[in-house]
Amino acid sequence: MTQTIGFIGLGNMGLPMAKNLLKEGFAVRGFDLSDEARNGLEVAGGSAFTSVAEAVTNVDAVVTMLPNGAIVKNVYLGKEGILASIDEKTLLIDSSTIDVQSARDVIAAADERNIQMIDAPVSGGVGGAAAGTLAFMVGGKKEAFTRAEAILAPMAGKIVHAGGPGNGQAAKICNNMLLAITMIGTGEAFNLGRALGVEDQVLYDIMSNASGQSWSLTSYCPVPGPVPTSPANNAYQPGFATDLMLKDLGLAVEAIETAGTETPLGKHSHDLYKAMAADGNGGVDFSGMISYLADQQS
Ligand code: NAD
């Protein structure tokens, strides 16, 4: 029998994700505040509605792809929100990138009503959403994770269970904090190499075969040349925009404070990306940090 998904938030990520569900034979009932987004779903063969409540009526599962924790809370817990509009059989999947605490609060509210819910943020960006190759990091009970796998599959390249509620969000911010740190470090190494007269390609060949190796270096190299697909070869067009990295680092810093742990480099990378964005580079790929840092020196 055809499974029906209620999809809330049909923006840059949500619409292509919903399209991949449609392609795999799911029926999609969608809602977004934007007329254009709702039209996009209709054109792709889904049904668009003018309220959350209508979109989630008689569905097997709901997927949400929304901007932040406050909006997610409102859409799930509001008077005419998702929890007020579904029955116990509906599986809930929030794929937005939000703060860990909001994710845990919403899942706890669903749990109180015996409704299964997971947090399932993604990496892979708009390209991965269109190609159906997103990496989903999932938090929630094993049973809910197992149920969700078949629904996530058409949108996914990889689906990993990271533990209990909120752990998908936690894993995502840990990964992106590390990514920010390695990208800044990689940029610093090339800037120092240049200042000391070492050519980019030579330094790349050495570091990529030595202990300085990382994804930031070998898959997303911040200097043009060594990795032809990296944004450095395309005037640092994103890719992954600095504003999006800044959002994730902001969530990491919030979580660091709540968890009472120390991550000096994580906090410093947040400060550096904040300064880079404030300097008018919010739309530049995050690997453009190398040029921002070089400009600070001159
Ligand atoms: P977007 O701004 O393009 O889309 C968000 C959509 O939500 C918009 O269409 C907006 O109209 C809609 N919306 C806002 N409030 C709503 C409400 N109350 N009810 C219904 N719809 C509402 O953002 P995006 O790039 O699609 O990102 C969505 C989420 O995915 C964010 O949490 C983001 O951090 C995360 N994410 C984005 C990327 C990326 O590369 N864009 C990558 C990974 C994760």
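The values are calculated or read from the model by the stated rules, or taken from the named source; none is laboratory data. Since the structure is predicted, the reported quantities are computational estimates derived from the model, not experimental observations. Cβ sites come from the backbone with ideal geometry, for glycine too, and all protein chains shown count toward neighbours. With ligands, DNA and RNA removed, areas are computed over all heavy atoms of the protein, side chains included. Shrake-Rupley method; radii C 1.70, N 1.55, O 1.52, S 1.80 Å.
General remarks:
- Computed extension gain for residue 2 through residue 218, at 0.36 nm per residue and net of the alpha carbon distance, reaches 73.5 nm.
- A Förster distance of 45 Å, applied to the separation of the beta-carbon atoms of residue 54 and residue 295, puts the FRET efficiency at 0.35.
- Taken along its three principal axes, the alpha carbon spread of the chain comes to 65, 43, 34 Å, from the longest extent down to the shortest.
- Over segment 10-137, accessible surface divided per residue gives 42 Å², non-protein components excluded, 1.4 Å probe.
- Mean Cα-pair separation over length for the chain, i.e. relative contact order, pairs under 8 Å, 6 or more apart, %: 12 percent
- A helix-only calculation puts the chain at -15000 deg cm²/dmol for mean residue ellipticity at 222 nm, using -39500 (n - 2.57) for each DSSP H run of at least four residues, averaged over all residues.
- Contact order, relative form, for segment 19-84: 24 percent (alpha carbon pairs under 8 Å, 6 or more residues apart, mean separation divided by residue count).
- Relative to one another, the C-alpha centroids of segment 50-91 and segment 195-243 are positioned 42 Å apart.
- Label-to-label distance, nm, for residues given as residue 70 and residue 88 (7 Å Cα→Cβ offset): 3.5 nm
- Size of electric dipole in the chain: Cβ of Lys, Arg +1 and of Asp, Glu -1, about Cα centre, debye, nearest 20: 460 debye
- Whole-percent pair-distance distribution, where bins are 5 Å wide, for the alpha carbons of segment 1-97: 3, 16, 28, 28, 18, 7, 1, 0
- Using the Karplus relation 6.51 cos²θ - 1.76 cosθ + 1.60 with θ = phi - 60°, the per-residue 3J(HN,Hα) values for segment 282-287 come to x, x, 7, 4, 5, 6 Hz, with x marking Gly and Pro.
- Residue 113 accessible area, 1.4 Å probe, all protein chains in place, Å² to nearest 10: 90 Å²
- Taking label points 7 Å from Cα along the Cα-to-Cβ direction, residue 35 and residue 79 give a separation of 2.7 nm.
- Portion, in percent, of the accessible area of the chain that falls on carbon or sulfur, probe 1.4 Å: 54 percent
- A simple rule links phi to the HN-Hα coupling: the Karplus curve 6.51 cos²θ - 1.76 cosθ + 1.60 with θ = phi - 60°, which for segment 26-37 gives 6, 8, 10, 10, x, 9, 8, 5, 8, 4, 4, 5 Hz, with x for Gly and Pro.
- Potential lengthening between residue 206 and residue 254 on full extension [0.36 nm per residue; Cα-Cα distance subtracted]: 13.6 nm
- Ordered by solvent-accessible area of protein heavy atoms (1.4 Å probe), largest first, the residues 106, 126 come out as 126, 106.
- Inter-centroid distance (Cα atoms) of segment 267-298 relative to segment 116-194, Å: 23 Å
- The length gained on full extension between residue 27 and residue 268, counted as 0.36 nm times the residue separation minus their Cα-Cα distance, comes to 82.2 nm.
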